[in-house]
């Protein structure tokens with residue numbers, strides 16, 4: 001072992017050697033030098049280096065190494081010294097032969113029973129005198145390693161020699177590791193009297209010393225990068241530092257952290273086995289319990305016979321592995337645990353669990369020990385695991401909760417306790433994968449029907465049934481709970497009221513029996529509990545029913561006191577964010593979403609993270625940031641499976657479909673529409689967003705009838721649920737768009753005016769959208785005031801995408817009115833915004849392609865089966881004789897984009913020229929729809945749209 005930070009200690013030994021070689025020691029010198037330091041600190045390496053230097057300087061050196069395994073072998077250390085006597089000396093054979101006879105006799109005659117036995121004393125003196133004869137033939141250095149392990153007869157002989165070395169040319173160097181209690185304390189006390197020895201202490205390495213030692217084995221940059229952490233792991237123990245260097249050398253090149261492998265584990269165990277048995281036992285207890293050194297469990301779990309020596313366990317006696325905080329590093333803890341048998345670990349875990357339980361410790365302290373034992377034989381054990389699992393879940397430690405709850409579930413417990421465990425497991429599994437909760441929900445439902453669970457334990461699982469669209473099961477379970485609940489029990493009544501409140505909000509068309517009025521329901525504390533539990537629902541209901549922007553302040557208070565990882569209140573946070581979005585406070589909602597995302601304590605828990613990401617996508621979509629909205633929605637959808645999303649898939653899927661549609665990626669959006677959604681989604685407000693997105697895609701893809709069906713179904717559901725609020729879905733405005741595409745101008749105008757009459761002044765976004773559609777129903781310059789008002793409103797609310805389209809319409813209206821300067825300004829602004837929003841295609845609204853008030857079909861666009869809306873407009877303009885550059889100007893595209901799309905149009909319609917294209921697009925031809933409603937006589941009759949039906 002290389003010597004690092006040992007130059008001062010080696011220098012002291014060399015000075016002692018120099019004094020010896022100059023003519024012996026003075027009578028006042030202390031003839032014995034003891035090197036003391038923790039196991040692994042380099043005492044052996046230092047003594048061996050000194051022995052080599054002594055030999056090189058001309059001194060005779062004899063050495064021995066004591067061993068714990070040979071403590072019971074009489075005179076073994078002395079025998080090693082005798083064998084080390086140089087055979088070249090003239091009298092060496094005689095002395096060695098005489099000592100051999102004495103040692104053989106002593107090994108047979110020595111009595112441990114009576115250290116003062118006359119025969120023992122005689123043998124000690126005879127051996128000591130023979131050893132002293134060696135001192136008359138030149139300087140002699142005697143080195144004994146690990147003197148604390150020496151056998152008693154050898155210690156007495158060495159003590160005999162040491163007491164007679166004054167004035168002789170002899171230097172005795174011993175190495176010793178601090179012990180919790182000495183082996184044969186009386187003999188050690190005699191041998192190692194401070195008055196007759198020099199003590200040289202070897203401290204553990206400093207951080208710089210750790211680096212120097214690593215640099216002897218590794219590249220200097222690598223050694224420097226891992227030195228600090230290596231010092232924390234090893235405590236500066238040279239043996240452990242060497243082991244870390246070995247592991248690092250064998251590991252792939254990485255400077256992030258020291259490699260901790262087999263060499264380190266073996267080095268830790270080697271140190272512990274070379275320490276006192278008490279240190280090894282204490283290390284095992286500390287590894288299992290994780291307690292500090294002076295914790296309550298250690299005295300009860302180590303060997304009772306060793307209790308008096310516990311106070312001596314410290315850095316010095318434990319090779320630096322143990323300090324006041326317990327085992328110094330998790331890597332050390334793992335090494336100690338790996339070195340134990342399974343039976344040893346189980347024994348200590350079980351003992352610790354029982355001690356903690358008897359002392360009334362909290363379940364969170366007991367549970368880690370119960371996980372790793374065999375059978376949970378005592379009734380309190382499974383209950384403790386359940387309690388600890390529920391607490392871990394409240395603390396956001398879902399993996400820990402699952403470990404406890406799964407272990408509890410595997411035990412043989414009663415039906416009621418098992419039902420509570422399954423309920424808690426459902427709550428935990430939901431945060432990682434809602435789909436994994438389904439088997440637990442089946443068992444919980446059975447337990448509720450059997451009366452094994454009350455409303456408090458059932459609340460969470462019933463919410464997850466709502467998440468998965470199992471509304472019938474949820475209502476049935478609420479009925480069972482209501483029948484069995486005690487109307488005088490405030491807690492049961494409160495929980496039932498909260499559950500029914502959630503059902504009424506998430507499934508507004510479902511009728512559920514509420515608990516009958518009872519004394520408990522009128523209790524102020526019960527009412528406060530219900531109000532707190534339904535605070536998120538109240539916020540959301542206020543916005544949906546009234547478009548109430550006043551809830552924003554309450555929503556902010558909710559968000560400032562809870563977070564999405566705060567398990568019991570997570571739903572409140574989600575509702576508060578949705579309320580902000582519906583109240584059109586998008587900048588505020590975006591700020592809160594980003595703030596919560598940054599401070600999410602458990603970002604690796606997919607469900608809350610995915611839900612928050614979906615809401616961030618919804619905010620981005622409403623702000624018109626289409627690339628960000630699409631990216632966030634895609635990220636959210638990737639965090640959970642479609643089945644895992646349940647009915648909530650309506651949020652991210654709708655955002656993604658709309659974003660792709662507006663970015664003209666219709667095929668990709670169509671693929672999103674193939675993702676299966678639960679049928680129950682159309683019984684929730686979330687299904688409205690999906691219908692809205694599907695209708696938007698249908699309208700862009702040239703299917704206005706299908707779009708109208710989806711928009712009108714939204715309206716029917718919203719009216720039936722008494723949630724007719726544009727912030728949810730502006731179904732009248734969207735239906736009017738579809739009607740315009742179908743040529744039903746009067747019906748569209750009536751719908752959009754109805755929408756404008758219903759909107760409040762604060763609903764600027766939806767008023768602007770309605771004004772744009774209203775402008776499309778007007779003629780010539782009459783459109784301009786509506787569009788200018790819409791642009792002004794959109795600049796207030798920040799919807800850049802809608803603003804880009806409005807500016808495009810306004811530019812076209814100015815152009816038709818002959819105001820080219822205003823037209824160019826509006827067009828430039830529209831193009832800039834479109835680029836920011838990621839909109840590849842900007843076109844005027846359905847009716848702004850008409851030529852003024854003439855009603856001429858010259859500017860009308862045609863929707864052709866097989867072509868998208870954009871392609872239909874290009875085809876129409878091309879058939880009317882416009883050049884590619886003119887088409888690009890009108891549709892706000894580049895010339896190259898027009899050329900590529902025209903090629904696609906020719907291929908789809910199987911034509912080869914613009915002449916053939918004009919022939920295919922005759923306006924009276926079946927399969928085409930003229931977009932100019934003024935060319936239509938009356939609105940065509942429409943049947944009831946097909947689509948999902950509400951409950």
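Computed from the coordinates by the stated procedures, all read-outs in this text should not be read as laboratory data. The structure displayed is predicted, hence computed values, not measured ones. Cβ: placed from backbone, ideal geometry, glycine included. Neighbour counts: every protein chain shown.
If R0 equals 30 Å, the separation of the Cβ atoms of residue 358 and residue 416 corresponds to a calculated FRET efficiency of about 0.75.
Entry note, the chain: the mean residue ellipticity at 222 nm calculated from DSSP H runs of n ≥ 4, each adding -39500 (n - 2.57), is -19000 deg cm²/dmol after division by the residues and rounding to the nearest 500. Legend: ranking of residues 681, 651, 498 from fewest to most surrounding C-beta atoms inside 10 Å; resulting order 498, 681, 651.
Between residue 825 and residue 125, what length in nm is gained on full extension when 0.36 nm per residue of separation is reduced by their alpha carbon distance? Mind dumping the intermediate values first?
Details: separation 700, 0.36 × 700 = 252.00 nm, distance 11.58 nm.
Extra length from residue 825 to residue 125 when fully extended: 240.4 nm.
Restricting attention to the chain, close to 20% of DSSP beta bridges with both partner residues there are antiparallel.
Among 804-815, 638-649, sorting by the average number of other beta carbon atoms lying within 10 angstrom of each residue, highest first, gives 804-815, 638-649. Relative to the longest principal Cα axis of the chain, at what angle does helix 704-720 sit, 0 to 90 degrees, rounded to 10? Helix 704-720 sits roughly 80 degrees off the main axis of the chain. Remark: spin-label model distance residue 94-residue 232 equals 6.6 nm, labels positioned 7 Å along the Cα→Cβ axis.
Quick one: if the Förster radius is 25 Å, what FRET efficiency do residue 346 and residue 314 give, using the C-beta to C-beta distance and rounding to 0.05?
Values: r = 29 Å, r/R0 = 1.15.
Once rounded, the FRET efficiency stands at 0.30.
Shape class of the range 7-201 from the alpha-carbon gyration tensor: oblate, with a/c at 1.5 or above and b/c at least as large as a/b. Rounded to the nearest 10 degrees, the angle from helix 764-777 to the longest Cα principal axis of the chain is 30 degrees. Computed from the C-beta positions of residue 273 and residue 323, the FRET efficiency with R₀ = 25 Å rounds to 0.80.
Highest-first packing order for the peptide set 609-619, 270-280 is 609-619, 270-280, based on the mean count of other beta carbon atoms within 10 Å.
Mean sequence separation of contacting Cα pairs (under 8 Å, at least six apart), scaled by the length of the chain, corresponds to a relative contact order of 7 percent.
Counting beta carbons within 10 Å around each of 751, 310 and listing the fewest first gives the order 310, 751. Taking each residue as 0.36 nm, the span from residue 442 to residue 483 lengthens on full extension beyond its C-alpha to C-alpha distance by 12.8 nm.
Taking Cα atoms only, the orientation of helix 535-546 departs from the longest principal axis of the chain by about 20 degrees.
Per 0.36 nm of contour for each residue apart, how much would the distance between residue 675 and residue 754 grow if the chain were fully extended, relative to their Cα-Cα spacing? Intermediate results must be reported in sequence, preceding the final value.
On the way: separation 79, 0.36 × 79 = 28.44 nm, distance 3.47 nm.
Contour length minus the Cα-Cα distance gives 25.0 nm.
In this simple spin-label approximation, residue 668 and residue 914 carry label points 7 Å from Cα along the Cα→Cβ vector, and these lie 3.2 nm apart.
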